[in-house]
Amino acid sequence: MEPSTQKLIHTFGALADLGQEIAGTGDFSEMVRTSMHLLLGTLALRRGAVVECSGAGSLRCVALWGLRDQVVNGIEIAEEDKPAFLSGEPTELLVRNSSTTKGFLNRYRDRFAEEGIELVFPMVVRGEITGLVLLGGKASGEEFSDQDFDTVRAMVRHIGVGIHTHRLLEQVEQRAEENRKLYEEVRERYRETVRAFAAAIDVKDKYTQGHSERVGRYSEIIAREMGWSEEEVEGIQIAGYLHDIGKLIVDRDIINAPYNIDAKNSSELNRHPAAGYEILAPIKHPYADIPLMARHHHERLDGRGYPDGLTDEQIPLGAKIVSLADSFDAMTTDRPYRRRRSFEDVVRDLRENSGKQFDGKVVAAFARAILKEVNGETKDRRITKMLGKTYLEGPHVATLLEELITDLSYEKAQKAQR
Ligand SMILES: [Fe+2]
């Protein structure tokens with residue numbers, strides 16, 4: 001085999017290796033270093049540097065072999081140098097033989113010669129100067145041949161594309177990071193707005209201060225206990241905050257009527273879930289099904305709820321959770337016409353109404369969450385904070401909860417057998 005053919009095969013091999021290096025998703029500096037060593041190895045050169053060029057023209061060494069670290073310090077590509085680099089001709093600058101009397105090479109000829117740099121190749125990709133490749137010190141002492149130039153040109157182009165791609169990726173990542181931050185900000189604004197709405201709803205109802213906020217928290221606790229994802233848990237908390245938003249259009253006197261209201265006013269008040277849906281549906285929420293949870297938080301499993309009289313399977317699980325949280329808060333807070341009910345009484349209500357008003361598995365999940373707190377298994381005592389310190393005190397509380405959980409799982413098993 002002729003030596004030139006052998007060299008050509010070697011060059012092809014090096015280019016293939018380089019291609020793989022550049023396509024790899026590994027460390028960028030490592031990629032450039034390996035590429036440069038392949039280049040130096042192919043031509044048996046002693047010195048080389050791959051230099052990255054910023055948009056402003058300043059240079060930074062990415063890989064270096066046989067040259068000083070400071071090799072490009074103080075060197076920059078000026079605006080007037082760019083046309084010559086970008087024109088494509090000449091694409092390489094032979095330092096020694098250059099007769100240029102102006103421009104980049106003329107400015108730095110002596111400096112390059114001092115460092116032992118014989119070839120300066122600009123890397124131009126898509127009309128942009130990506131950087132320079134500096135080479136020198138041919139081991140054989142021979143002149144650079146045309147074939148050498150072809151090889152270097154091809155390999156330099158590969159490296160240039162690699163750097164360009166890396167830059168694009170960096171830009172994309174930066175943009176993605178910016179978008180992520182922006183998205184987080186928008187979400188935070190949304191959550192703040194929701195909390196403001198919840199406060200507005202609660203202000204309108206003077207007897208149920210903080211009700212929406214508590215329903216949001218109870219809903220979140222139940223959903224987490226049921227194994228919902230963090231995203232879904234956040235969503236149901238929002239739904240809890242907003243479940244009564246429809247009350248904003250109901251007359252304040254009806255909401256604040258101290259005793260049982262007449263049928264006319266009652267049907268006016270019962271408009272609030274559907275009205276809430278109308279308010280929430282046109283908004284693009286970052287969480288799923290918020291309007292539906294507001295619409296169906298007064299539905300019952302037995303179909304006797306409103307506004308649509310849905311039955312068990314027709315009611316979204318989220319609405320069942322909000323419904324339980326809503327009723328639980330109503331039972332455990334004082335109203336002007338009655339004191340709040342004892343915990344024993346509340347548990348009795350939940351047991352009796354499981355399968356009729358409430359979904360048994362939602363009630364069981366809530367009971368488990370309360371039991372965990374009562375047994376000291378959870379660090380932050382959030383339920384206790386909402387109910388007041390003494391409400392869950394006493395040995396009977398844990399027993400009541402354990403019995404409720406057992407009964408509900410027994411009923412569930414019975415139901416599954418039928
Ligand atoms: Fe409601």
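The values are calculated or read from the model by the stated rules, or taken from the named source; none is laboratory data. Just so we're clear, the structure is a prediction, and the values are computed from it rather than from any experiment. Heads up, the Cβs are rebuilt from the backbone with ideal geometry, glycines too, and the neighbour counts pull from every protein chain shown. Just so you know, the surface numbers come from the protein's heavy atoms only, side chains and all, with ligands and any DNA or RNA stripped out. Shrake-Rupley method; radii C 1.70, N 1.55, O 1.52, S 1.80 Å.
Counting alpha carbon pairs within less than 8 Å and at least 6 residues apart, what relative contact order, in whole percent, applies to the chain?
Values: 550 pairs, mean separation 40.5, N = 418.
Dividing the mean separation by the residue count of the chain yields 10 percent.
Would you mind computing, in nm to one decimal, how far apart the modelled labels at LYS372 and THR390 are, each placed 7 Å from Cα along Cα→Cβ?
Here the modelled spin labels are 2.9 nm apart.
Taking N as the number of residues in the range 323-418, what is its alpha-carbon radius of gyration divided by 2.2 N^0.38 Å? Please report the intermediate quantities before stating the final value.
On the way: Rg = 13.6 Å, N = 96, 2.2 N^0.38 = 12.5 Å.
Dividing the Cα radius of gyration by 2.2 N^0.38 Å gives 1.09.
Note the full-extension length gain between SER266 and GLU143 as 0.36 nm times their separation in residues minus their Cα-Cα distance, in nm to one decimal.
Working: separation 123, 0.36 × 123 = 44.28 nm, distance 9.94 nm.
Contour length minus Cα-Cα distance gives 34.3 nm.
Can you order the peptides 110-119, 312-321 by their average number of other Cβ atoms within 10 Å per residue, highest first?
Output ranking for 110-119, 312-321: 312-321, 110-119.
Return the percentage of antiparallel bridges among DSSP beta bridges fully within the chain, rounded to the nearest 5 %.
Details: 24 of 25 bridges.
If we restrict to bridges inside the chain, about 95 percent are antiparallel.
So how far, in whole Å, is the C-alpha centre of the range 347-418 from the one of the range 98-174?
That distance is 73 Å.
So, in Å, what gap is there between the alpha-carbon centers of the range 250-293 and the range 180-249?
Cα centres, the range 250-293 to the range 180-249: 15 Å.
Just order 62-73, 384-395, 350-361 by mean Cβ neighbour count inside 10 Å, highest at the front, would you?
Details: 62-73: 16.5, 384-395: 13.6, 350-361: 18.6.
Highest to lowest by the protection proxy: 350-361, 62-73, 384-395.
So how much slack lies between ALA288 and GLU313, counting 0.36 nm per residue of separation and subtracting their Cα-Cα distance, in nm? Don't skip to the end; give the middle numbers.
Working: separation 25, 0.36 × 25 = 9.00 nm, distance 1.83 nm.
Contour length minus Cα-Cα distance gives 7.2 nm.
At 7 Å along the Cα-to-beta-carbon direction for both ARG167 and ARG107, put a label point, then send me their distance in nm to one decimal.
So the label points at ARG167 and ARG107 sit 1.8 nm apart.
How much FRET efficiency would the formula 1/(1 + (r/R0)^6) give for GLN414 and GLU278, where r is the Cβ-Cβ distance and R0 is 35 Å, rounded to 0.05? Write out the running numbers ahead of the final one.
Working: r = 40 Å, r/R0 = 1.14.
The pair GLN414/GLU278 has a calculated efficiency of 0.30.
Rounded to the nearest 500, what is the chain's calculated 222 nm mean residue ellipticity when only DSSP H runs of at least 4 contribute -39500 (n - 2.57) each, over all residues?
Working: 16 runs with 238 residues, N = 418.
About -18500 deg cm²/dmol.
Restrict the search to the range 300-343; then list the chymotrypsin sites (Phe, Trp or Tyr not before Pro) that DSSP places in a loop and that have at most 16 other Cβ atoms within 10 Å of their Cβ. Could the numbers behind the result be given before it?
On the way: sites: PHE328, TYR337, PHE343; in loops: TYR337.
Qualifying residues, ordered by number: TYR337.
Check the straight Cα-Cα distances from LYS361 and name the lysines below 18 Å, setting aside those fewer than 8 residues away within the same chain.
Output for LYS361: LYS320, LYS372, LYS412, LYS415.
Would you mind working out the accessible area per residue for the range 273-331, using a 1.4 Å probe, and quoting it in Å²? Could the numbers behind the result be given before it?
On the way: 2340 Å² over 59 residues.
I get 40 Å² per residue for the range 273-331.
Cβ under 11 Å from ARG348's Cβ, ARG348 left aside: what net charge do those residues give with Lys, Arg +1 and Asp, Glu -1?
Numbers: positive: ARG341, ARG351; negative: GLU344, ASP345, ASP349, GLU352, GLU403.
Result for the local shell: -3.
Could you please state how large a percent of the accessible area of the chain is carbon and sulfur, counting protein chains only and using a 1.4 Å probe? If you can, show how the numbers build up before the last one.
Numbers: 11200 of 21970 Å².
Taking all protein chains in place, the chain shows 51 percent carbon and sulfur surface.
Could you list the square roots of 5 times each eigenvalue of the Cα gyration tensor of the chain, that is, the equivalent ellipsoid semi-axes, sorted largest first and rounded to whole Å? Mind dumping the intermediate values first?
Working: eigenvalues 1181, 114, 69 Å².
Rounded to whole Å, the semi-axes are 77, 24, 19.
Roughly what angle does helix 103-115 make with the longest principal axis of the chain, taking Cα atoms, 0 to 90 degrees, to the nearest 10?
It is inclined by approximately 80 degrees.
Could you give me the radius of gyration and the Dmax of the range 134-231, taking only the C-alpha atoms into account and expressing both in angstrom?
30.8, 96
LYS181 versus ASN256, label points 7 Å from Cα toward the beta carbon: distance in nm?
Result for the modelled spin labels: 4.6 nm.
If R₀ is 56 angstrom, what is the calculated FRET efficiency for the pair THR406 and SER29, using the beta carbon separation as r and rounding to 0.05? Please list the in-between numbers first.
Numbers: r = 63 Å, r/R0 = 1.12.
That gives a FRET efficiency of 0.35.
Less than 13 Å Cβ to Cβ from ARG304, Lys/Arg counted +1 and Asp/Glu -1: what total charge do the surrounding residues give?
Numbers: positive: ARG300, LYS356; negative: GLU299, ASP302, ASP308, ASP312.
Once all neighbours under 13 Å are counted, the net charge is -2.
Quick check: residue separation of ALA196 and ARG68 times 0.36 nm, minus the Cα distance between them. What number comes out in nm?
My answer for the length gained is 39.8 nm.
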